[in-house]
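The values are calculated or read from the model by the stated rules, or taken from the named source; none is laboratory data. Computed from a predicted model, the values in this text were never measured in an experiment. No Cβ is skipped: glycine too gets one built from the backbone with ideal geometry, and neighbour counts run over all protein chains shown. SASA here: full protein model, heavy atoms, side chains in, ligands and nucleic acids out. Shrake-Rupley method; radii C 1.70, N 1.55, O 1.52, S 1.80 Å.
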Amino acid sequence: MIRVLEIGDYAAPDAGRMLVGLGADVTIVEPPGGVPARRTDPVGFAHRAAGKSSARPEDALALAPQCDVILDGTWGGPLARVAADLVAAAGRGVVHVVLTPYGDDGPAAEWAATDLTVAAAGGMLALIGRPDRPPLRPYGDQADQLAGLNAAIATLVATRAGGGQRVIVSGQASVAASLEFGAITYVHTGRVPERTGSTHPMAPHTLFATADGLIAGGLGGSPRMWDATLAWLTENGTAGDLTDERWQDPVYRVRHREEIFDRLAGIVAELKRDQLFHEGQARRLPWAAVLGPEELTGNAQLVERGFFVDVTTPWGPARDAGFAARVHGATPPTRLRVPEPGEQTAPASAERTATPVEPRRGALEGIRVLDLTWVLAGPYATKTLADHGAEVIKIESRHRPDPTRFSPGFHLSRSDETDPDTSGYFNNVNRNKKSVTVNLRTQEGRDLVLRLAAHCDVVVENFAAGVLDRLGLGYDRLREVREDIVVVSMSGMGHTGPWRDYVSYADAVSALSGWTALTGEPGERPVGVVYGLADIIAGHHAALAALAALAVRDRTGAGQHVDMAQLETAAAHLGDAILRADHGETVEPLGDRHPRMAPHGVFPCLGDGTWVAVAVRTDEEFARLAAVAGLPDEPGWATLAGRKADESALEEHVAAWTRSRPAEAVAEILQGNGVPAYPVRDGRTLVEHDAALRAWEFYVPLTHPAAGTFLHEGLPARLTRTPGNVHTPAPRLGEHTAELLTGLLGLDETEQEALRAAGVLE
């Protein structure tokens, strides 16, 4: 069990919660009377603090020499001096994780920030919302949670390396690394993705109104799914001319998908939401009911899998969202308790055993990973491990092609070619890996994969539940070839429960987890998060679970199977919505507004499609905003309550001021007066104009032998001794087959030629 001191309110509470979920002993360092969030946001504080203990600064100094990690979210705040004293008291073996909104160097390093402004700075807002409305913030402080998630990963990477290093996490880079197609579309095609409302720009899915709610669904992403959809419509007598030959062309279907959406909308409007959901899933189609947070605690899948946690709060027992993954040997307490301020006074008895590590490229050097994943969530997990030095062997085949190599919708390129080695989408998320082509339809191919697995520490797979077992490659079989192997499964719903066989896309996971219902404008139909944020969060948590399982293996010698559900990773990132619903609150979409800040929103600026995010945290900040913006002298606006009561009028006046100025100028003026603000970045401005990301050296150029030289999204965390890096372009299909079959399995050229002739290596 790692021991953690958590101090400060920037993203450290989120990182600490994730580490609690993996069995860490986390102590919050609080001033007398506790941190302000205890009073200003007691439910939100309870969500993030449950399972932790609390210590006063003077007692934390006595704890510091025994702790392994200091999570430092003070970021220049009133507790920054205390954090520095804790680091000094902890000594050279501690891992000091510093969470910053915009990095620790560069022009924005000292800028004021909130979740809204960091989401704007990292490009998240530009991808969410309707095209004719302002960019939209997703519910749940997702930018803060991404910073916390990257901090948690960096914590386990650094402690695995032996401790003794400083880690800097950039919230902006954490968001910029989570955009799916947001920036890489510009990098590889020169186009800037626009907001598309509820419709994914690559996958033909959207939201439909049913007789009693909303459902996420569409055409599916494969010929099989289209055939199943068409068969469904034909059985119902509603297919019409969709049976015509032209609709068999996947490119034609994507180009004319709005016509199909209109047909589907008319068909489902009279049907029941849950009926459609379950019938679609029975046909192996990724349709999903849009559930609200109040529906989640009764969700049969989440309940049967034991996702929710019981929390002892100041107002009594409550039920909250659980954690993203459950790792044997690294589990949280059965019941989580919200600590009293300063309750822990005695130093921990155990001594820290970590010693500073010698510098090397990555902390995971020597770890070998077998990658049985495709598309986004799984490849993102293995990318994270590869970035920190693991040798990742990606198993591919033309018989089960990764859609991001072959599908026209994912093939980001400046040319019309369809070479699977030149897909920008695939190449961005599969850098630092090796590729072996093995046909898993053959027994010889499956035997080869087992032989490769015997040389691997970790297997990551995102097949549907049961598929790996049917291939003879399930955990029990893998354990026979390597007893201490760690297998991380990351199916959509998990390997147990009534929905174990249901299929999912990121939009389905978002719908079922509560994200979609809570992302929209107040009083309007929700929009949801259409890009693959849920996939990327699942990928992060799969990497985090693999690191935790490796730490357990280091301690006990035992491997394990981690059964992670992408539905649960998304629900775990819903923030405090489930706890608020359990508390009796009505949880609804907020749009860009905030219950404890005003103004808090995204405002138009000079130039088409340019916006700035502004968040006023205090009355003093509002006074400074009012002065520089020349706002009317409205006495009621001097207080938060007055501003919230007249919020629409206030926003109109702020928009009138921002509309005549460039977004950069607005942000600089407001930041010069201590008011959080940041231009809303899109794919082009992230890559070409953002000085903070440039100072972070976030975008990394690599030359690919087929695709040429292009930029890759870099690492959100910097580790001083084991930094990790983006060092090798994505592999060409099967590029390393001969190398690895020779080097690991000892197969000579004659044996390999025979396997190729038999269709095993293709």
Close pairs (7 angstrom Cβ cut-off, 6 or more residues apart or separate chains): under 17 Å from ALA183 (Cβ atoms) and aromatic (Phe, Trp, Tyr) in segment 404-423, open to solvent by 30 Å² or more (accessible area, probe 1.4 Å) and outside any loop (DSSP other than H, G, I, E, B) anywhere: PHE410/PRO403
Subset of segment 198-212 that is buried (at least 18 other Cβ atoms within 10 Å of the Cβ) and small (Gly, Ala, Ser) - its residue that is farthest from PHE710 (Cα to Cα): SER198
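Restricting the search to segment 719-750, which residues are touching a residue at least 40 places away in the same chain (Cβ under 8 Å) and part of a helix (DSSP H, G or I)? Spell out the reasoning first.
Filtering segment 719-750 for residues touching a residue at least 40 places away in the same chain (Cβ under 8 Å) gives 719-737, 739-741, 744-745.
Across segment 719-750, the qualifying residues are THR737, GLU739, LEU740, LEU741.
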Complete set of residues in segment 611-630 that are open to solvent by 20 Å² or more (accessible area, probe 1.4 Å) and either part of a loop (DSSP other than H, G, I, E, B) or touching a residue at least 60 places away in the same chain (Cβ under 8 Å) (or both): TRP611, ARG617, THR618, GLY630
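Please find, among THR519, THR496, the residue that is out of contact with any Phe, Trp or Tyr (no Cβ under 8 Å at 6 or more places or on another chain) and modelled with pLDDT of 95 or more. Full working, then the answer.
Numbers: THR519 fails: out of contact with any Phe, Trp or Tyr (no Cβ under 8 Å at 6 or more places or on another chain).
One residue alone meets the criteria, THR496.
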Pair list, Cβ < 6 Å and 6+ apart or interchain, from segment 233-256 residues that are free of Cβ contacts under 8 Å to residues at least 40 places away in the same chain to residues that are assigned to a helix (DSSP H, G or I) and aromatic (Phe, Trp, Tyr): ARG246/TYR252
Unmet criterion (only one of (1) at pLDDT below 95; (2) in a loop (DSSP other than H, G, I, E, B); (3) open to solvent by 10 Å² or more (accessible area, probe 1.4 Å); (4) not hydrophobic (A, V, I, L, M, F, W, C)) for ASP507: (2)
Any hit, segment 752-761, residues being buried (at least 21 other Cβ atoms within 10 Å of the Cβ) and either without any contact (Cβ under 8 Å) to a residue 24 or more places away in the chain or in a loop (DSSP other than H, G, I, E, B) (or both): yes
Filtered residue count, segment 302-329, keeping only those that are buried (at least 22 other Cβ atoms within 10 Å of the Cβ) and assigned to a helix (DSSP H, G or I): 1
Residue match in segment 222-230 (condition: within 22 Å of the chain's Cα centre (by Cα) and either under 25 Å from GLN248 (Cβ atoms) or surrounded by 23 or more Cβ atoms within 10 Å (Cβ to Cβ) (or both)): no
Residues that are within 16 Å of ASN432 (Cα to Cα) and in contact with a helix residue (DSSP H, G or I) (Cβ under 9 Å, 6 or more places away or on another chain), drawn from segment 376-388: LEU376, GLY378, PRO379, TYR380, ALA381, THR382, LYS383, THR384, LEU385, HIS388
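Anything in segment 525-559 that is of a type outside the set (A, V, I, L, M) and open to solvent by 10 Å² or more (accessible area, probe 1.4 Å)? List them, or say none. Show your work before the answer.
Initial filter on segment 525-559 (of a type outside the set (A, V, I, L, M)): 525-526, 528, 531-532, 535, 539-541, 553-557, 559.
Within segment 525-559, ARG525, PRO526, ASP535, HIS541, ARG553, ASP554, ARG555, THR556, GLY557, GLY559 qualify.
Restricting the search to segment 655-687, which residues are assigned to a helix (DSSP H, G or I) and either within 24 Å of the chain's Cα centre (by Cα) or among the aromatic types (Phe, Trp, Tyr) (or both)?
Within segment 655-687, the subset assigned to a helix (DSSP H, G or I) is 655-658, 663-672, 683-687.
Across segment 655-687, the qualifying residues are TRP657, GLY683, ARG684, THR685, LEU686, VAL687.
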Residues within segment 692-704 that are open to solvent by 40 Å² or more (accessible area, probe 1.4 Å) and either modelled with pLDDT under 95 or under 22 Å from the mean Cα position of the chain (by Cα) (or both), tallied: 1
Tabulated pairs, segment 456-484, first free of Cβ contacts under 8 Å to residues at least 12 places away in the same chain and part of a loop (DSSP other than H, G, I, E, B), second surrounded by fewer than 16 Cβ atoms within 10 Å (Cβ to Cβ) and of a type in the set (A, V, I, L, M), C-beta under 7 angstrom, 6+ apart or interchain: none
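Surrounded by 13 or more Cβ atoms within 10 Å (Cβ to Cβ), β-branched (Val, Ile, Thr), in contact with a strand residue (DSSP E or B) (Cβ under 7 Å, 6 or more places away or on another chain) and within 30 Å of THR709 (Cα to Cα): which single residue out of VAL254, VAL268, VAL192, VAL187 fits that description?
That would be VAL187, the only listed residue that is surrounded by 13 or more Cβ atoms within 10 Å (Cβ to Cβ), β-branched (Val, Ile, Thr), in contact with a strand residue (DSSP E or B) (Cβ under 7 Å, 6 or more places away or on another chain) and within 30 Å of THR709 (Cα to Cα).
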Test: PRO599 is crowded, with 23+ Cβ neighbours inside 10 Å and closer than 30 Å to ILE537 by Cβ: yes
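If you scan segment 727-748, which residues turn out to be open to solvent by 30 Å² or more (accessible area, probe 1.4 Å), of a type in the set (S, T, N, Q) and under 19 Å from ARG446 (Cβ atoms)?
First pass over segment 727-748, keeping only residues open to solvent by 30 Å² or more (accessible area, probe 1.4 Å): 727-728, 732-733, 735, 738-739, 742-744, 746, 748.
If we keep only those that are of a type in the set (S, T, N, Q) too, we end up with 728, 742.
Across segment 727-748, there are no qualifying residues.
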Inter-residue pairs, beta-carbon under 6 Å, first under 13 Å from ALA738 (Cα atoms) and in segment 433-454, second open to solvent by 40 Å² or more (accessible area, probe 1.4 Å), 6+ apart: SER435/GLU735; THR437/GLU762
Residue match in segment 65-73 (condition: among the polar types (S, T, N, Q) and at pLDDT below 95): yes
Helices (runs of 4 or more DSSP H) lying entirely in segment 79-184 (those with 2 or more residues that are touching a Ser or Thr at 6+ places or on another chain (Cβ under 8 Å) and in contact (Cβ under 8 Å) with a residue 24 or more places away in the chain): 80-90, 142-160
Residues being more than 33 Å from the chain's Cα centre (by Cα) and among the polar types (S, T, N, Q) - total across segment 51-71: 0
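Among the residues of segment 631-643, write down those that are buried (at least 18 other Cβ atoms within 10 Å of the Cβ) and outside any helix (DSSP H, G or I).
Residues of segment 631-643 buried (at least 18 other Cβ atoms within 10 Å of the Cβ): 631, 637, 643.
The answer is LEU631, and nothing else.
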Condition check for GLY591: open to solvent by less than 20 Å² (accessible area, probe 1.4 Å), part of a loop (DSSP other than H, G, I, E, B) and at positive phi: yes
Matching residues in segment 427-455 - criterion: being open to solvent by less than 20 Å² (accessible area, probe 1.4 Å), of a type in the set (A, V, I, L, M, F, W, C) and either part of a loop (DSSP other than H, G, I, E, B) or at pLDDT below 95 (or both): VAL438
PRO522 being open to solvent by 20 Å² or more (accessible area, probe 1.4 Å) and either within 24 Å of LEU285 (Cα to Cα) or in a helix (DSSP H, G or I) (or both): no
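If you check THR404, THR442, which single one turns out to be among the β-branched types (Val, Ile, Thr) and over 24 Å from HIS541 (Cβ atoms)?
Numbers: THR404 fails: over 24 Å from HIS541 (Cβ atoms).
After applying the criteria, what remains is THR442.
Take the residues of segment 362-392 that are of a type in the set (A, V, I, L, M) and surrounded by fewer than 24 Cβ atoms within 10 Å (Cβ to Cβ): which is nearest to the chain's Cα centre (by Cα)?
First, pick out the residues of segment 362-392 that are of a type in the set (A, V, I, L, M): 363-364, 367, 369-370, 372, 375-377, 381, 385-386, 390, 392.
From the residues that got through so far, the ones that are surrounded by fewer than 24 Cβ atoms within 10 Å (Cβ to Cβ) too are 367, 375.
Values: ILE367: 23, VAL375: 15 Å.
Only one residue tops the list, namely VAL375.
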